[in-house]
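Working notes for the structure below.
The values are calculated or read from the model by the stated rules, or taken from the named source; none is laboratory data. All values reported here derive from a predicted model rather than from experimental measurement. Glycine also receives a Cβ, built like all others from the backbone with ideal geometry; neighbour counts cover every protein chain displayed.
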Amino acid sequence: MTSTTVHTRPTRGRVRGVLAYANLRRRHLGSVAFVTNRITGLLLVGYLYLHLGILYLLTEGPRSWTTVLHLFKNPAFLGLESLLILFILIHGLNGLRLALVGTGVGVRHQKAWFATAMSVSGCLYVVVVLAMYGVI
Amino acid sequence: MAADLNDRVRPRAVPPSGRGGSLAWILQAVSGVALIVLLGVHIVAQHFVVKGGLRDYAQVVSYLSNPLVLAVESLFVVVLIWHAMLGIRAVLFDFGFSAKTEAVISRCLVALGLATAGYSFWVIATIASGR
Ligand code: HEM
């Protein structure tokens with residue numbers, strides 16, 4: 001870690017800081033990796049609560065679960081589910097890279113690690129989508 | 001800790017007191033790596049090995065009646081919530097709040113994590129009992 005300083009910013013600066021996440025122009029690969037990890041992490045937290053909410057239906061018995069299963073098997077819904085897998089792959093493999101680099105493993109090749117993590121995510125995503133739609 | 005791709009843009013979630021930040025990061029990384037296995041098992045067992053990708057009610061009840069499955073799913077719930085709460089904490093701490101506010105945030109996240117785990121275990125227990 002090169003810096004452990006936390007700068008206290010005034011509220012307006014904070015808001016601008018949050019908006020700056022969305023701006024990917026003239027960013028270094030490092031900040032793209034950081035923003036990607038953060039956004040996918042937060043989206044996965046949002047999904048966790050949605051998932052837990054839906055699982056409530058299982059506690060109400062077979063009927064309500066059967067109703068929701070029909071919705072889940074809809075191709076449009078499958079598309080959304082596949083995005084979830086993509087976020088898990090990107091966040092998980094980038095997270096693995098961060099865990100390794102943060103503990104001193106492969107620090108000098110971290111850009112190559114990042115490229116590998118993203119390429120593997122992309123390839124696995126294609127396989128998952130094909131499996132989800134019954135192509136393979 | 002070694003420098004990494006992200007250091008240029010982010011002072012990692014270290015409280016102004018300087019204590020606890022690195023430990024939180026280590027726990028985040030360890031729980032993340034554990035999640036690769038646990039999440040992988042969860043997704044494959046709950047969806048990929050099942051015809052049509054989703055278990056019906058009877059299949060879910062029978063799956064959860066296996067004690068080993070119950071243990072692995074319970075561990076998954078704990079590690080996942082742990083990782084998610086540490087993640088939200090890291091994001092919030094990067095806004096640079098005062099030490100007092102950060103302490104309140106940590107306490108709120110412990111409460112949220114416990115509530116989420118309590119609800120999750122209630123769901124698991126209710127389904128496993130087949131009621
Ligand atoms: C699939 C396995 C996963 C791995 C290997 C992993 C790994 C990591 C690592 C190493 C970090 C720390 C990044 C840093 O501070 O530099 C992190 C952050 C985070 N993770 Fe995960 N994670 C995984 C799954 C998840 C899941 C399923 C969720 C949601 C429930 C999640 C939510 C978060 C959040 C919110 C952060 C904070 C992001 C930030 O500090 O910018 N992660 N993850």
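Scan the helices (runs of 4 or more DSSP H) fully inside region B:34-131 and keep the ones with 2 or more residues being touching a helix residue (DSSP H, G or I) at 6+ places or on another chain (Cβ under 7 Å) and of a type in the set (S, T, N, Q).
B:99-128
Take the residues of region A:119-134 that are surrounded by fewer than 18 Cβ atoms within 10 Å (Cβ to Cβ), touching a helix residue (DSSP H, G or I) at 6+ places or on another chain (Cβ under 8 Å) and free of Cβ contacts under 8 Å to residues at least 40 places away in the same chain: which is nearest to B:G40 (Cα to Cα)?
Result: A:L124.
Could you list, in sequence order, all residues of region A:48-77 that are more than 8 Å from chain B (Cβ to nearest Cβ) and either more than 16 Å from the ligand (Cβ to nearest atom) or within 30 Å of A:A112 (Cβ to Cβ) (or both)?
A:L57, A:E60, A:R63, A:S64, A:T67, A:V68, A:H70, A:L71, A:N74, A:P75, A:A76, A:F77, listed by residue number.
Suppose we filter B:Q59, B:Q46 for residues that are farther than 21 Å from A:L100 by Cβ, within 12 Å of chain A (Cβ to nearest Cβ), surrounded by fewer than 16 Cβ atoms within 10 Å (Cβ to Cβ) and of a type outside the set (A, V, I, L, M); which single one remains?
On inspection, the qualifying residue turns out to be B:Q59.
State all residues of region B:91-100 that are closer than 17 Å to A:G46 by Cβ and at the interface with chain A (Cβ under 9 Å from one of its Cβ atoms); if no residue qualifies, say none. Let's see the steps before the verdict.
Going through region B:91-100, the residues closer than 17 Å to A:G46 by Cβ turn out to be B:91-92.
Within region B:91-100, B:V91 is the sole residue that qualifies.
What number of residues within region B:79-104 are of a type in the set (V, I, T) and surrounded by 17 or more Cβ atoms within 10 Å (Cβ to Cβ)? Before the answer, list the steps.
Looking only at region B:79-104, we keep the residues that are of a type in the set (V, I, T), and these are B:79, B:81, B:88, B:91, B:101, B:104.
Still in the running and surrounded by 17 or more Cβ atoms within 10 Å (Cβ to Cβ): B:79, B:81, B:88.
Residues meeting the conditions: 3.
Could you give every pair whose Cβ atoms fall below 8 Å, whose first residue belongs to region B:33-59 and is at positive phi, and whose second residue is within 14 Å of the ligand (Cβ to nearest atom) and among the polar types (S, T, N, Q), counting only separations of at least 6 or pairs across chains?
Once the first residue is at positive phi and sits in region B:33-59, no partner that is within 14 Å of the ligand (Cβ to nearest atom) and among the polar types (S, T, N, Q) comes close enough.
Just one of A:G122, A:G92 is facing chain B (nearest Cβ under 9 Å), within 23 Å of B:V49 (Cα to Cα) and modelled with pLDDT of 95 or more; which is it?
A:G92
Identify all residues within region B:70-90 that are more than 11 Å from every other protein chain (Cβ to nearest Cβ) and near the ligand (Cβ under 9 Å from one of its atoms); write none if there are none.
B:R89
So which of B:L64, B:L35 is within 8 Å of chain A (Cβ to nearest Cβ) and within 29 Å of A:A131 (Cα to Cα)?
Step by step, each of B:L64, B:L35 is checked, and only B:L35 is within 8 Å of chain A (Cβ to nearest Cβ) and within 29 Å of A:A131 (Cα to Cα).
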